[in-house]
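Q: I'd like to ask some things about the structure below.
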Amino acid sequence: MLERKRSTWQYIILAIQHVFAMFGATVLVPALTGLDPAVALFTAGAGTLLFHICTKRKVPVFLGSSFAFIAAISHVVETQGIAYAGGGIIAAGALYLVLAGLVMLFGVDRIKGFFPPLITGTMIIVIGLTLSPGVIAGNIVNYGVGAMWQRWIVVLVVLATMIAVSIFVKGFFKLTPILIGIVAGCITSAFFGFMDFAAVAQAPIFALPDFTFPKFSLSAVSLIAPVAIVTFMEHIGDITTNSAVVGKDFLRDPGLHRTLIGDGLATMLAGSLGGPANTTYSENTGVLVVTKVYEPFILAIAAVFAIGLSFIGKLGAILQVIPPPVMGGVSILLFGMIASVGLRTLIDAKVDLTKSRNLIIVSIMLVMGLSGVEFAIVPGVVLSGMSLTALIGVILNKILPT
């Protein structure tokens with residue numbers, strides 16, 4: 001039996017924060033690739049529940065739509081259709097299972113040997129800071145409503161509210177700074193005329209997601225599946241980050257092979273229904289950092305909410321009404337805290353940055369990871385950001401003398 005530490009309404013409120021955190025990115029990927037956002041919500045929720053089963057309900061993770069697959073999925077959808085994209089996504093999930101088998105064969109210690117704190121700490125910093133430019137540009141600078149100063153006031157109200165709640169509020173509500181910050185931001189946005197409820201009025205109360213069953217072609221599989229090799233390194237980085245936040249080594253218990261199996265099966269489920277490939281979400285890890293509430297059960301409740309939202313048009317529309325500057329303010333703190341966890345990892349491991357070798361590795365990883373440089377391995381498979389900095393760090397750590 002699951003030991004309940006909180007009341008039902010407290011679990012619901014904590015889960016809603018995670019729903020807000022994952023919603024924007026999860027529906028953005030299908031919007032960019034031609035897939036159905038409602039299907040993406042359903043498969044994100046169902047995939048998260050499947051992940052939790054595979055990981056013995058030990059890892060507080062939410063799986064959402066993966067950005068790494070956008071280019072490959074978009075091309076297949078445009079040229080062959082959603083069904084064939086689903087086939088390619090299933091193949092990518094199957095490749096995760098193969099990688100999980102390799103981890104079981106060679107052991108997690110050998111895998112972890114490639115990722116000492118020098119590498120993982122820097123990777124975590126890159127995860128947080130890589131997301132930052134998009135937060136400022138997409139949610140604030142390029143938001144086409146209102147004056148720039150009005151948008152920044154909304155951002156500052158959200159940030160100030162979250163900070164005040166985190167520092168000064170006592171009791172349960174100290175754990176809900178994100179939710180309270182969003183409410184404060186929406187009130188401020190309404191004052192500036194940023195809130196448009198037309199989409200809520202037009203949305204149906206109930207609507208079935210447009211599920212699409214897969215078809216397979218060698219060209220679609222060969223284009224989409226290899227992306228999983230890149231996201232494998234991102235997966236290690238995300239689980240390492242989650243471990244650092246919670247203070248447990250999830251690479252050992254329940255094991256990297258289990259998290260890979262969970263991610264792979266969730267991705268295969270998504271492909272079988274016409275949804276985008278899934279991945280562990282840094283946005284929700286950021287919520288863990290802010291709230292310091294690490295119960296996996298809360299993420300499972302959020303997953304159930306995501307499934308419910310996929311069938312209820314008006315609830316999904318209400319979330320979409322939240323203006324981008326509000327989520328921009330939330331994301332500034334979330335992603336900044338993820339980067340801070342990376343710094344803490346370096347400090348806790350007593351990484352000596354006075355040594356030229358360590359300083360060189362960290363410096364090159366940061367610049368290459370944050371510069372936006374991309375390297376195409378094969379058409380449709382690109383190394384950039386997290387995956388690029390991970391590969392560079394692993395290679396430098398092995399070839400430079402200690």
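Q: Could you tally the net charge around I178, taking each other residue with its Cβ under 15 Å from the Cβ of I178, Lys/Arg +1 and Asp/Glu -1?
A: Net charge in that neighbourhood comes out at +1.
Q: What distance in nm separates the two pseudo spin-label positions at I163 and S132, each 7 Å out from Cα along the beta-carbon direction?
A: Taking the simple label geometry, I163 and S132 are separated by 1.6 nm.
Q: Further question: Whole-Hz ³J(HN,Hα) for each residue in the range 296-305, computed from phi via Karplus 6.51 cos²θ - 1.76 cosθ + 1.60 with θ = phi - 60°, x for glycine and proline: what do you get?
A: x, 4, 5, 5, 5, 5, 4, 5, 5, 4
Q: For the range 339-346, in order, what is each residue's ³J(HN,Hα) by Karplus, 6.51 cos²θ - 1.76 cosθ + 1.60 with θ = phi - 60°, in whole Hz (x at glycine and Pro)?
A: The phi angles translate into 4, 5, 5, x, 4, 5, 4, 5 Hz.
Q: Let me ask another. Taking the square root of 5 times each eigenvalue of the Cα gyration tensor, what semi-axes in Å does the equivalent ellipsoid of the range 55-149 have, largest first?
A: 32, 25, 12
Q: I want to verify the translational diffusion coefficient of the range 313-359 in µm²/s; compute it with Stokes-Einstein, Rh as the Kirkwood radius over Cα pairs, at 37 °C and 0.692 mPa s.
A: For these conditions, the coefficient is 239 µm²/s.
Q: What net charge is computed for the residues neighbouring V145, neighbours being all others with C-beta under 11 Å from the C-beta of V145, Lys and Arg scored +1, Asp and Glu -1?
A: 0
Q: For a 20 Å ceiling on Cα separation, which of these pairs sit above it: K248/K398; K174/K292; K248/K355; K174/K248?
A: Checking Cα-Cα distances, K248/K398; K248/K355; K174/K248 exceed 20 Å.
Q: Would you please state which residues of the range 299-328 a label at N142 would reach in this model, taking the label point 7 Å out along Cα→Cβ and a backbone N cut-off of under 15 Å?
A: Counting only backbone N, you get 324-325, 328.
Q: Let me ask something additional. Relative to the present Cα-Cα distance, how much length would full extension add between T354 and V108 at 0.36 nm per residue of separation?
A: So the chain would gain 85.6 nm between T354 and V108.
Q: Still on this structure, please answer the following. Report the rotationally averaged projected area of the range 7-125 based on its alpha-carbon convex hull, in square nanometres.
A: Value for the range 7-125: 9.7 nm².
Q: What does the charge count around S166 come to, taking other residues whose C-beta lies under 11 Å from its C-beta (Lys +1, Arg +1, Asp -1, Glu -1)?
A: Once positives and negatives cancel, what remains is +2.
Q: Right, another one. Among rounded, prolate and oblate, which fits the range 116-247 when a ≥ b ≥ c are the square roots of the eigenvalues of its C-alpha gyration tensor, a/c under 1.5 means rounded, and a/b larger than b/c means prolate?
A: Taking the square roots of the gyration eigenvalues as a ≥ b ≥ c, the range 116-247 is oblate.
Q: Can you work out the Karplus-derived ³J(HN,Hα) for every residue in the range 269-285? Use 6.51 cos²θ - 1.76 cosθ + 1.60 with θ = phi - 60°, whole Hz, and x for glycine or proline.
A: 4, 4, x, 6, 10, x, x, x, 4, 9, 7, 5, 9, 5, 4, 6, 5
Q: Let me ask something else about it. Would you please give the residues with an amide H less than 5 Å from that of L383, counting only those at least 5 places away or on a separate chain, with H modeled from the backbone geometry?
A: So L383 has HN proximity to F375, A376, I377.
Q: Which whole-number value in Å³ per residue fits the convex hull of the alpha carbons of the chain?
A: So the per-residue hull volume is 147 Å³.
Values quoted throughout were computed directly from the atomic coordinates according to the rules given, and no laboratory measurement underlies them. Owing to the predicted nature of the structure, the values given are computational and were not obtained by experimental measurement. Heads up, the Cβs are rebuilt from the backbone with ideal geometry, glycines too, and the neighbour counts pull from every protein chain shown.
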